[in-house]
Amino acid sequence: MDWANLTQQLINGLSLGAIYALIALGYTMVYGVLRFINFAHGDVFMIGAFAGLYVHRWLKPFFQWMPEFLSALLVLLLSMCLCAALGILIEKLAYKPLRQRSRLTVLITAIGVSLLLSYGAQLLFGAAPKGFPQLIKNDTHDLPGAVSITTEQIVVLVVTLLLLVSLRFIVQKTRMGLAMRALSNNPTAASLMGVNTDAVISFTFGLGSALAAAAGIFFAMLYQAIDPFMGILPGIKAFVAAVLGGVGNIAGAALGGFLIGLLETLVVGYSKNIGIPPGFRDAVAFVILILILMFKPAGLLGKSEREKV
Amino acid sequence: MLEIRNLHVSYGGIAALHGISLEVPAGSIVTLIGGNGAGKSSTLRAISGIAKVASGSIVFEGRDITNKPAHEIVALGLAHSPEGRMVFSNLTVLENLHMGAHLRRDRNAISSDLERIFTLFPRLKERLQQAAGTLSGGEQQMLAIARALMSKPKCLLLDEPSLGIAPILVQTIFSRIVEINRELGLTILLVEQNANLALRIASHGYVLETGRIILNDTTDSLRSNPAVRSAYLGESIPGDALANGGN
Amino acid sequence: MRKSDAVKKHIAHLALAAGLAASVALYAIAPQLDDYAVNILMLAGINIILAVSLNLVNGHTGQFSLGHAGFMAAGAYTSSIITLSLAPVLASAPAWQAQVAFFAALLAGGLFASFCGFLVGVPSLRLRGDYLAIVTLGFGEIIRVVIQNTDALGGARGLEGIPPYTNLLWTFGIATVAIYVVASLVNSTYGRGFISVRDDEIAAEAMGINTTKYKVAAFVIGAFFAGLAGGLYAHFISYIAPEGFNFLKSVDVVVMVILGGMGSTPGVAAAAVLLTLMNELLRDFEQYRMIVFALLLIVLMIVRPQGLLGNFQRRKRKAPQP
Amino acid sequence: MLCGLFFSGCKKKDSAGNPDEIVIGEFASLTGATASFGQSAHKGVRMAVDEANANGGVLGKKLRLVTEDDQSKAGEAATVVRRMISREKPVAIIGEVASSRSLEAAPICQQNKIPMISPASTNPKVTETGDYIFRVCFIDPFQGAVLAKFMLQRGWKNAAILTDVKQDYAVGLTDFFKDYFTKNGGTIVSEQSYSSGDKDFKAQLTSIRSTNPEAILVAGYYNEAGLIASQARELDIKVPLLGGDGWDSPSLVEVAGDAMEGNFFSNHFSAEDKSPAVQDFLAKYKAKYLESPDAMSALAYDATMLLFDAMKRAGTTDSAALRDAIASTSGFPAVTGNITLDANRNASKSAVILQIQNGKFRFVETVAP
Amino acid sequence: MSDLLKLERVTMEFGGLRAVGDLDFHIAPEEMVGLIGPNGAGKTTVFNIITGVYKPTCGAIHFNGVSLHDKKANRITALGIARTFQNIRLFGSLSVFDNVRTAMNGRLRHGIIHSLTRGPAFRAEEERIRSEVLALLDIFGLKDDADRQATDLPYGDQRRLEIVRALATGPQLLLLDEPAAGMNPTEKVRLMELIHFVQEKFRIAVLLVEHDMRVVMGVCQRIVVLDHGQKIAEGTPQAIQRDPKVIEAYLGEEAQHA
């Protein structure tokens, strides 16, 4: 066993997993309050990356006066705000008119929104992949045992953890978070408590989209190139992560995201040893999905629901 | 305080209420009784804004609240403890109570209200950090009522507080309802299937049958009215069957 | 009166015969058309097969599959591998023998695709709506990833030099059969079971309908025709690569079904033709085409969820009990 | 009504042709993932046509260029080429850069007996389709051997390979590289793969790193090559990366920045080549488009010019005669070197090795076939 | 044993919550039985257990001596148990005619292949089904509406159609789940007549869950009363009306002192 190689793969896998986890949270929160799969969420992730690119471009003249971490933070926060607004807008325009309709109608609409965002982005930004600016000086740090980690990886992992902790705080400790949980638990009772359902749903979409935007920027930081269709596959994989963790369960989504990131990386990194071609990385998530739905449909941390007759 | 005129409600084309009118004077307990599916819950749902009113009007403290969004109605001081309790099963008892106070910003008053609630329902205090879903039916009912109280309402709508609860607890809950009315001064509209119990604590009663009000009287006279029983157990029941069965 | 009764009795057979005759006619005039017109007709025919077969799953049976491209790929690759391996023999054989071999290859492709359909149909028993959609999407992607990583299938680079056996007779003949099969299947007491599964699964079970069997049957039959369509496509373009059967291809077919109206066979067939033509007419506006379709999907779902031409029920969530 | 629109005037014999002009067809990926190749190639073709027209056309007729966009998408190349052939009746077709799309169009051109010249599809299978299919670039076996030869010359005997398995071109390059490299004393210490469109290569690179290669062959296109270079740098991999002509794009350095420094790739031509043909082309191109040409534009320009030369030699645009004239091209003085088409309709010419220095592609040496 | 349906010590728990506990009861052939109880007493759960929607936590159910344990809902229907639903569950996009004919699916001799070949045997069976369905619709006065979309019918007719559809499966036992819900008094009277008519005409047993006591008392020969998932009484309508436990369950514990 080559421990250095394994450790290195784990570091790579965790940083990829962080991205899946952040996207998965949006799926899970929206599913929690509205009980549908927001198929367009992966595209919000893509828009987040492009928002980062353009925000950086616009603000570049000002960046020389501020320390690097501040400019990077600014890009991150502004992109998150832009995407939060986008998420809220999408919900208001496309999903809100469908509140009482069948899940399928909403799913089709969500596919429509997803296509609109990716092809719209193609029209606006072009289909060719674009390079992403370096937000922070990316040094490689040697760890004991021939393992290395880059500044960007550290930043991604640390910020993701911070975001997860603050999300937990918001959901567990704030009035809005409580309302979110109440709404997801029993929408009727929540409105009887005076919860403005629309406001909470908007908030949920905004929060989820902001996290997706952060994931988009982290993805762009780690892998440097962004394109209009970059959201589809990570989006679906993140959804799988949400299912793996138990849809509607916030801790589960984060766990699922990290697990899928790790598994994918390990399959590629050890493809020779386990006899699976590295090209199968994109199938990993789907195989997990099918297995989990067959054997533990409620997910690792979820509770099952049954239909009333 | 609460006045309903000619209320019609229907679900998916099926009429649930065919024009009912009722009145709840300030400070009183009024009860709405009737068999299953008579339209009692629909009335409450319409009042609190979670069922759509087809026609008719609902006026609360002189303000027309017909078809207003539920959260605005709560803000006006009308709380609803719904049928089936609907506690937030994944949330802790304390969180459920906080949800009741969702619209309030007065932190200090909230904590003193919490204390008051604990004196009313000491059992809840013992289970503050427990998920509400793990409570017994009776405890859940207490929580549902307590939660409704946390919004500091002027008027409380109670839907079937005795439903599915052990008889011993039903007694406790009903005496608390009376306490809430007398000591906290809340106006209460009580929907009950357990007619005798409801008629005992209310001052005025309406008997509902298939979406219409068939009787409207003081509770004293309703208690001795055989038609009440017939609304529950079927028309064919002879008037004297009551006495025979009772003794 | 009696005469029209006889017509009515055999209406399905007559329609089938008429469709096949039309296919022959189309085949006969094909030499008069230029290559591009034939190209469009061919794609239209293949799209009809795809859309009508997906409609059996998504429209009539109310399952939501996003993996049709996967079945198409299964059929395309199976038939291509067969004709490619027979190519040395067939090159010198008479044309009719090549066509017979092609038909056999197509069938094999269809059967293998329906086997894949069976594999997807099984999890569909436990899942509904959006979850099922994601699982079928996953299956489609797995099929694609497997092909992409199998050298014997040309891997990501694809298979080239597939003999161009597909002609308009095959394409429209099979399209006619697909329409006939789906339409007459649904228009029988047995076939109403598909719709009952869509309308209310629990009620269907209670009426003695084996919903399991119906759902699997829908997937198997739908996948069979998707496999045939894949075979036709491969032997028309002569070159296939896994990339051509990705998720967006499935979405293309789903768009046809939705615009045509879920559950309406004529609507869906018309939508398939219309969208194929639109694709060509809007070639210069390619950048905008998908945006227009996306907007159309969203607006349609809000305003007219039954599709432009369809009869899919607008279903509401269960109303609360009075 | 729509049907009418499509099929009216679609009769085969109904020629839309104007007797005073010659139609040249071109299909390219003007939009989509490899748009940058398509755009460059299109500029080269455009320039050649304009130049010929400015000099009075060919065979006394004006040239008209018809360009179709295949959107970098599978299936589209076949459709647009059919449309072009049916509608515009071109005498010959220039296209495509990507081998996979050339493979789609080639059977159609062959079937319609219309000569097709690919500027830059290096996969051998392209011209194997039939006797009407040509190319003006070298093929993968040659390029693979060139890279192997170059590595061995530098004394790098342990190589790792990272291949884009989605691209015919890349897989071909890898195969021929391996063949030459191992036969001449080199060892492949690690073989990894990825698919175009991937963004995360860290797992593969980590595995490669653990085998300590002296050089890494990155067989694929510039998009991923750029990402691979920067991720390799992040993983502290310091050995040089080498690639083929698929790397040739300004985007290569844009994406990777400093991480690309010092790496090598083989190419069809170098702008630093002092030969008059190159310098002349450079000047004309800069004057027309206000930017520097890349290999794709040079090759596309060469393909078009070679076609015109063949027309002049054939004295007609008749398909069989034109085909024969193209096939007999020998020593045609092109920007990317003198082109002689061999019996398999492939160009035989030399390659150059370039190195990235300060963000520029520096000429290192020429490797002869 | 002449019992048509027999439940023995049937218990149903949902995540620790006991919805039905140790329930025993039986139905004889052609018997009309009512299942009543206050809200949440577990009546619909009993229906769902009998029809295979839920699997009981423990206990045995036999129909005509055949155990229903682990049988799927459609198999149970095929054995001869049909049902209606509390909230109407018609096939919304199908016509009235098709709703009924779909219910004949379980007794069909043809399948996919016949639907495609459409040979003489297929056409004969379709013709037979057609006349059977129309005859059924005729009996219930729905023949003129045969081609209307089921959900376009007035509410009362939809309820009736559900019963017709259930009958089309050819049951020996018909379970009616709150058929009178949402009906006005006149409709209810008509419903009672209808239930009597069905029972006599088709010679089947009926198990009726209903809130409206007038309907239950008017229709049933025997009544089983549930409260908190337990059987608290069983007997003739007259006996049930007098049973103090029943009165208490319905009116509250103070009934005795009223």
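The number of residues in region B:26-37 being within 11 Å of chain E (Cβ to nearest Cβ), more than 15 Å from residue B:157 (Cβ to Cβ) and at pLDDT 80 or above comes to 1. If you go through region C:163-212 and keep only what is facing another protein chain (nearest Cβ under 9 Å) and within 30 Å of residue C:41 (Cβ to Cβ), you end up with C:164, C:180, C:181, C:184, C:185, C:186, C:187, C:191. Criterion applied to A:145, A:126, A:131 was being over 30 Å from residue B:145 (Cα atoms) and within 14 Å of chain C (Cβ to nearest Cβ), and the one residue passing it is A:126. Criterion applied to E:62, E:114 was being more than 7 Å from every other protein chain (Cβ to nearest Cβ) and either part of a helix (DSSP H, G or I) or charged (D, E, K, R) (or both), and the one residue passing it is E:114. May I ask you to verify whether residue B:26 is buried (at least 21 other Cβ atoms within 10 Å of the Cβ) and part of a loop (DSSP other than H, G, I, E, B)? When the stated conditions are applied, residue B:26 does not pass them.
One residue stands out in region A:188-202 among those that are open to solvent by 10 Å² or more (accessible area, probe 1.4 Å) and touching a residue at least 60 places away in the same chain (Cβ under 8 Å): the one that is nearest to the chain's Cα centre (by Cα), namely A:202. Scanning region E:187-209 for residues that are out of contact with any strand residue (DSSP E or B) (no Cβ under 7 Å at 6 or more places or on another chain), within 12 Å of another protein chain (Cβ to nearest Cβ) and either under 23 Å from residue E:63 (Cα atoms) or not basic (Lys, Arg) (or both) yields a count of 3. Quickly run through region A:91-115 and pick out the residues that are more than 10 Å from every other protein chain (Cβ to nearest Cβ) and open to solvent by less than 40 Å² (accessible area, probe 1.4 Å). Matches in region A:91-115: A:91 only. Among the residues of region D:289-312, the ones that are surrounded by fewer than 24 Cβ atoms within 10 Å (Cβ to Cβ) and either among the small types (Gly, Ala, Ser) or without any contact (Cβ under 8 Å) to a residue 40 or more places away in the chain (or both) come to 4 in all. Taking region B:96-108 as the range and being open to solvent by less than 40 Å² (accessible area, probe 1.4 Å) and either assigned to a loop (DSSP other than H, G, I, E, B) or without any contact (Cβ under 8 Å) to a residue 12 or more places away in the chain (or both) as the test, the residues that pass are B:101, B:102, B:104. Among the residues making up region E:153-186, those that are open to solvent by 20 Å² or more (accessible area, probe 1.4 Å), more than 10 Å from every other protein chain (Cβ to nearest Cβ) and part of a helix (DSSP H, G or I) are E:157, E:160, E:186.
From the list A:232, A:236, the one residue that fits, being within 13 Å of chain D (Cβ to nearest Cβ), aliphatic (A, V, I, L, M) and farther than 25 Å from residue D:259 by Cβ, is A:232. Can you tell me which residues in region B:120-140 are assigned to a helix (DSSP H, G or I) and either within 12 Å of another protein chain (Cβ to nearest Cβ) or aromatic (Phe, Trp, Tyr) (or both)? Hits for region B:120-140 are B:132, B:133, B:134, B:137, B:140. Report yes if residue B:41 is within 19 Å of the chain's Cα centre (by Cα) and either closer than 30 Å to residue B:125 by Cβ or of a type in the set (Ser, Thr, Tyr) (or both), otherwise no. Criteria met by residue B:41.
Pairing each residue of region B:207-234 that is closer than 19 Å to residue E:242 by Cβ with any residue that is assigned to a loop (DSSP other than H, G, I, E, B) and open to solvent by 50 Å² or more (accessible area, probe 1.4 Å), provided the two are 6+ apart or on different chains, yields C-beta distances under 9 Å for B:226/B:238; B:229/E:258; B:230/B:236. Whether a residue is open to solvent by less than 40 Å² (accessible area, probe 1.4 Å) and at the interface with chain A (Cβ under 9 Å from one of its Cβ atoms) was assessed, and residue D:267 does not pass this test. Applying the condition of being within 12 Å of chain C (Cβ to nearest Cβ) and touching a Leu at 6+ places or on another chain (Cβ under 7 Å) to region D:74-129 and asking which residue is nearest to residue D:302 (Cα to Cα) yields D:126.
Within the bounds of region B:172-183, is there any residue that is within 28 Å of residue B:231 (Cα to Cα) and of a type in the set (D, E, K, R)? The answer is yes; a qualifying residue exists. When E:89, E:101 are checked against the criterion of being touching a Lys or Arg at 6+ places or on another chain (Cβ under 7 Å), open to solvent by less than 50 Å² (accessible area, probe 1.4 Å), within 30 Å of residue E:148 (Cβ to Cβ) and not in a strand (DSSP E or B), E:101 stands alone in meeting it. Looking at region E:21-41, which of its residues are assigned to a strand (DSSP E or B) and either within 13 Å of chain B (Cβ to nearest Cβ) or not β-branched (Val, Ile, Thr) (or both)? Once the filter is applied, which keeps residues that are assigned to a strand (DSSP E or B) and either within 13 Å of chain B (Cβ to nearest Cβ) or not β-branched (Val, Ile, Thr) (or both), region E:21-41 yields E:21, E:22, E:23, E:24, E:25, E:26, E:32, E:34, E:35, E:36.
Total residues in region D:218-244 satisfying the condition of being over 21 Å from residue A:222 (Cβ atoms) and touching a helix residue (DSSP H, G or I) at 6+ places or on another chain (Cβ under 6 Å): the figure is 4.
A count restricted to region C:151-162 and to residues that are within 13 Å of chain D (Cβ to nearest Cβ) and either open to solvent by 30 Å² or more (accessible area, probe 1.4 Å) or among the charged types (D, E, K, R) (or both) stands at 5. From the list D:182, D:163, D:211, D:187, the one residue that fits, being within 14 Å of chain C (Cβ to nearest Cβ), at negative phi and hydroxyl-bearing (Ser, Thr, Tyr), is D:163. Restricting the first member to region A:37-49 and to residues that are acidic (Asp, Glu), and the second to residues that are open to solvent by less than 10 Å² (accessible area, probe 1.4 Å), the beta-carbon pairs closer than 7 Å and six or more apart or on different chains are A:43/A:114; A:43/A:118; A:43/A:231; A:43/A:235.
For region C:112-144, filtering for residues that are among the aliphatic types (A, V, I, L, M), more than 8 Å from every other protein chain (Cβ to nearest Cβ) and surrounded by 19 or more Cβ atoms within 10 Å (Cβ to Cβ) leaves 4. Which residues, counting only those in region A:225-275, are over 30 Å from residue D:254 (Cα atoms), under 15 Å from the mean Cα position of the chain (by Cα) and open to solvent by 10 Å² or more (accessible area, probe 1.4 Å)? The answer is A:244, A:247, A:248, A:249, A:250, A:251, A:254, A:255, A:258, A:259.
Of the residues making up region E:1-15, those that are assigned to a loop (DSSP other than H, G, I, E, B) and open to solvent by less than 70 Å² (accessible area, probe 1.4 Å) are E:3, E:4. From the list A:207, A:167, the one residue that fits, being outside any loop (DSSP other than H, G, I, E, B), away from chain B (no Cβ under 14 Å) and open to solvent by less than 20 Å² (accessible area, probe 1.4 Å), is A:167.
The values are calculated or read from the model by the stated rules, or taken from the named source; none is laboratory data. All values reported here derive from a predicted model rather than from experimental measurement. Every residue, glycine as well, gets a Cβ built from its backbone with ideal geometry; the counts of neighbours run over all protein chains shown. Please note that ligands, DNA and RNA were not included when accessible areas were found on the heavy atoms of the full protein model with its side chains. Shrake-Rupley method; radii C 1.70, N 1.55, O 1.52, S 1.80 Å.
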